[in-house]
Amino acid sequence: MCSSVTRRNRLAYGTAVALGSALVIAAWAGPASGDLGDRLLTEFRGAYPSAGPHATHERSFDIRAAPTEVEQIDGRRLAVWAYNGQVPGPILRVRLGESVRIALINDLPQPTTVHWHGVRVPNAMDGVPGVTQPPIAPGERFVYRFTPKDAGTFWFHPHHHGSEQLERGLYGVLIVEDAKPLPWSRDLVWVLDDWLLGADGAIDPRFNTPHDLAHDGRWGNFTTVNGKRTETLTVRAGERLRLRLVNTANGRVFAPDFSGLDARVIAVDGLYTREPLDAKGFELAPGNRLDLDVTIDAAERGRTIEIVDRFTREPIPLATIRVLDEVVETPRFASPSNRRVPRWAQATSAPVDVEYRLNARRGGEYGIEWTINDRAFAGHDQSPAGPFERLEPNRWHRIRFVNESFRLHPMHIHGQFFKVIARNGVPLDEPYFRDTVLLKRKESVDVGIVPLGAGPWMVHCHIQEHAEAGMMTVLDVK
Ligand code: C2O
Ligand code: CU
């Protein structure tokens, strides 16, 4: 699973990332060859650990997926499918250094699985039916066990008929706290989603419609934050918040506007950024997370701050922050960051190892198929037929995504992080890793990646309807 090179270098532990939250591999003394891939790999070493911490103890959770009713606005009841009776599902909080055991009980009328989005789990725990495990039949249970290797904001959701199961309400948040959490005044989560409700106020039961498939998936007529129409937050001036945003929508992209606040992005898709970044211009496509470091300035005393989404033409209210008159002292500490995020300035001189062309065609079960390199994935219950693209573990690689269509495609790679190195052929140093990158119409995106975990990992569009209609493939790391 790990090359001898990695194993050798595990002995060179000792340098810690920001916060001392994770042991990392010290700079790698690679072969003296001038080979570009080796140099890029050398630059990568220490960006995040290849092995997880040694778990000191286990945290155990039971999650039951079942139909239920939750309260909707104006007190009406909404029939949903939910984890532990709530939408969003539970927030599982663990700390780096703990192992996790989650027993999933399936009381749904369909098979299901749970995928731990962004978490570098062992392949067998990745929750992909037909690829890493059989689907969990109604009435059955499955126990997931893993030790998180990274602190950060992650989430979980079914990987079986996601376009229906996520939309009906199945998703939850997994927070892996730093080994030594910083003294924020508060650590908050905003789960962003939308519902498509019919005139009767119920979830529109028509999934995978020709319209949604031909466009950017299913966009609701009702956005939610933490399952409510909008979030209301009452704070004292001076408070310093860690705000974790997660986009769990099937298709909707959010662009929350934090310009009224002192808010800086400190983590993208779980991992800390190289330095704190201006929150302006950040978008959350389905699957993405953003962690913000927010300080409520004393000057905001008594004010009300509205946070709106600006992705669509009409701004959509997301949250109201009411600042009390009371002033508290702001916790002082440097914003967490990861200076070891590589620049990979030479990366665009490296050859492209894998190219994924994204497109659509007529045909298939839904009348339209979304394809990757002219193939529509036939997954679900049966094991998909290869051959698939292959990458070597512990080596630097370049992947190119080419959007040949006019629709949005947030492309997600399981079990790995990657870094955007170019957009439309223009070199780019995004100062952070990601696990999901949004491609807009006719865009191409190049990423650098060092796969660390062996196994068949999914690569797919996170717009659930596109994935359901074939936009999914396997990347074999071996
Ligand atoms: Cu959150 Cu395969 O995805
Ligand atoms: Cu897509």
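Taking the three principal axes of the alpha carbon atoms in the stretch 183-297, the coordinate ranges are 47, 30, 21 Å, sorted in descending order.
Within the accessible area of the stretch 351-477, what % is carbon and sulfur when the probe is 1.4 Å and the other protein chains stay in place?
47 percent
Bridgeable aspartates and glutamates around Lys442 (alpha carbons under 13 Å apart, same-chain partners fewer than 8 residues away excluded): Glu404. The residues of the stretch 189-280 expose, per residue, 31 Å² of accessible area to a 1.4 Å probe. With the Kirkwood sum run over all distinct C-alpha pairs, the chain has a hydrodynamic radius of 22.8 Å. Placing +1 on the Cβ of every Lys and Arg and -1 on the Cβ of every Asp and Glu, with no other charges, gives the chain a dipole of roughly 1140 debye about its Cα centre.
Normalising the average separation of contacting C-alpha pairs (under 8 angstrom, six or more residues apart) by the number of residues puts the relative contact order of the stretch 329-478 at 29 percent.
Accessible surface area normalised per residue over the stretch 406-458 is 25 Å², counting heavy atoms of protein chains with a 1.4 Å rolling probe. Normalising the Debye intensity of the stretch 91-211 to I(0), with uniform scatterers on Cα atoms only, and taking log10 at q = 0.19, 0.22 Å⁻¹ returns -1.08, -1.28. Estimated from the Cβ-Cβ distance and a Förster radius of 22 angstrom, the FRET efficiency linking Glu392 and Leu428 is about 0.35. Per-peptide packing, taken as the mean over residues of other Cβ atoms within 10 Å, places 43-53, 454-464, 136-146, 190-200 in the sequence 454-464, 43-53, 190-200, 136-146 from highest down.
Peptides 310-320, 97-107, 248-258: what's the order by average Cβ count within 10 Å, highest mean first?
On the way: 310-320: 14.0, 97-107: 18.5, 248-258: 24.3.
Sorting 310-320, 97-107, 248-258 by mean packing, highest first, produces 248-258, 97-107, 310-320.
Of interest is the spacing of the C-alpha centroids, which for the stretch 414-478 and the stretch 263-284 amounts to 18 Å. Of all DSSP beta bridges confined to the chain, the antiparallel ones make up roughly 70%. Pairs of Cα atoms in the stretch 241-312 fall into 5 Å distance bins, from 0 up to the last occupied one, in shares of 3, 17, 25, 25, 17, 9, 4, 0 percent. The alpha carbon convex hull volume per residue for the stretch 276-423 rounds to 215 Å³. For Lys478, go through the aspartates and glutamates and keep the ones whose alpha-carbon is under 17 Å away, minus same-chain ones fewer than eight residues off. Output for Lys478: Asp126, Asp353, Glu389, Glu392.
Evaluate the relative contact order of the stretch 122-208 (contact order divided by residue number), counting alpha-carbon pairs under 8 angstrom at least 6 apart; express in whole percent. Relative contact order here is 22 percent. For the pair Glu71 and Thr56 in one chain, pulling the backbone fully straight at 0.36 nm per residue adds 1.5 nm over the alpha carbon distance. Over the chain, Cα pairs under 8 Å with separation of 6+ residues give a relative contact order of 15 percent.
The values are calculated or read from the model by the stated rules, or taken from the named source; none is laboratory data. In this text the structure is predicted, and so the values were computed from the model without any measurement. Every residue, glycine as well, gets a Cβ built from its backbone with ideal geometry; the counts of neighbours run over all protein chains shown. Note: areas computed on protein heavy atoms with side chains; ligands, DNA, RNA excluded. Shrake-Rupley method; radii C 1.70, N 1.55, O 1.52, S 1.80 Å.
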